[in-house]
Amino acid sequence: MNQFNFRISHSIRSVIAFAVITFWRGLWGLMNIYLFPNNYELSLWITLIGGLLILIITNHSIK
């Protein structure tokens, strides 16, 4: 793979990674607003624990 293709590939992967992170950040933000709207701290803890449980259940299988 030449240098130009490598840079294009890296740029595309960086944009995709940014999009995925932004999507999940927005989703967790919405859950914090609507899950327990009167108790923001509880909502933060519930979504944090939910995210950790997803990692544990999937056995950290990010490939």
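The values are calculated or read from the model by the stated rules, or taken from the named source; none is laboratory data. A quick note: this is a predicted structure, and the numbers were derived from the prediction, not measured. Cβ atoms come from the backbone with ideal geometry, glycine included; neighbour counts cover every protein chain shown.
For every residue, the table says whether it meets (1) under 14 Å from the mean Cα position of the chain (by Cα); (2) of a type in the set (A, V, I, L, M); (3) assigned to a helix (DSSP H, G or I).
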position	(1), (2), (3)
V20	yes, yes, yes
L30	yes, yes, yes
F36	no, no, no
L44	no, yes, yes
I54	yes, yes, yes
message: Take I8 and tell me if it is surrounded by 10 or more Cβ atoms within 10 Å (Cβ to Cβ) and of a type in the set (V, I, T).
response: yes
message: Against the conditions (1) modelled with pLDDT of 85 or more; (2) surrounded by 10 or more Cβ atoms within 10 Å (Cβ to Cβ); (3) not hydrophobic (A, V, I, L, M, F, W, C), where does N38 fall short? Just the number, please.
response: (2)
